[in-house]
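Colleague: The structure's right below; bear with me while I get my questions together.
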C-alpha cells in the first residue's frame, strides 16, 4: 500500500472476511496467553448461549462476550499479548479475496467488532494498515484494567458512519467493500462496489459473491 493520496481503498470486515475464523477463537487464545483459565472455564459454556443470541442481536452477544472475557483484565498485559503473541496466529488465518485486495490497494480500512487493541497490532505488522485506519470495539478502562463495558460497536449502520468519516470517502477515491454477514450489507452498499464472502440465498443488488480461500503466500512480519 502506498502513502500517497489513495485512489483505491479497500474497506473490509475482519472476522470471517479478512481472516477465516470468528473473533471468539482469538478471544480464547488471548485468555490462554493471559493464563485466565478460570475465566475461560466460565466463558466457554456461556458461548453456547451466545451463539443463538447472536442471531437475534449480534451487538448484545458481543457485549456479553467481552464482559465475560475482559472484565478486570490488566490493560498493559493485554496490550503486550496482543502485540507480541497474537499477530502470527491472525496472519496464519488470512484468506482471499480480502487479503490480496488489502495488499494490492492504495490504502485499506478495517472495520471490525473485535477489540481494537487486538486488531491493530497484527494489521500493522503484517498488512501495513495504520492504526488510524483500524476501527474496532473500544473497551472501557478504569484504574489500569478493562471494566468489561464497551463503547459503540462497529456493527450494522455504525459501519456506514465510520466508512463516511474514513479515507474511503475522500473525493476521487474508489472504495471496494468486503464482508460476510447480513449486518455488513449496509456498508457494502455504501461502497462503490461490494463483495460478500458468505453466500446468501439472494445476493443484494450490486453486491458480488466470491467464495473465500486461504491466502496462498506467507506474509512476513514487519516488526
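Colleague: Decide, for the range 8-214, between rounded, prolate and oblate: order the square roots of the alpha carbon gyration tensor eigenvalues as a ≥ b ≥ c, take rounded if a/c falls under 1.5, and otherwise choose prolate if a/b is larger than b/c, else oblate. Can you show the working numbers first?
Modeller: On the way: a/c = 1.76, a/b = 1.49, b/c = 1.18.
Note, shape of the range 8-214 comes out prolate.
Colleague: Sticking with the crude label model, points 7 Å out along Cα→Cβ, report the distance from residue 174 to residue 104 in nm, one decimal please.
Modeller: 1.1
Colleague: When the chain is treated as a GNM, springs tying every alpha-carbon pair under 10 Å, which of 107, 168, 47 comes out with the largest mean-square fluctuation?
Modeller: Comparing 107, 168, 47 in the GNM, the peak value goes to 47.
Colleague: Another question, if that's okay. Take every DSSP beta bridge with both residues inside the chain and express the antiparallel ones as a percent of the total, to the nearest 5.
Modeller: 25
Colleague: Still on this structure: Could I have the simple spin-label model distance between residue 149 and residue 59, label points 7 Å from Cα toward Cβ, reported in nm to one decimal?
Modeller: It works out to 1.6 nm between the two label points.
Colleague: Using a simple spin-label model with points 7 Å from Cα along the Cα→Cβ vector, what separation in nm is obtained for residue 76 and residue 35?
Modeller: In this crude spin-label approximation the distance works out to 1.7 nm.
Colleague: Still on this structure, I have one more. Can you list the residues of the range 101-115 with backbone N under 16 Å from a point 7 Å past the Cα of residue 141, pointing along Cα to Cβ?
Modeller: 115
Every number in this text was worked out from the coordinates using simple rules, so none of it is lab data. This structure is a prediction, so every number in the text was calculated from the model and none was measured. Cβ: placed from backbone, ideal geometry, glycine included. Neighbour counts: every protein chain shown.
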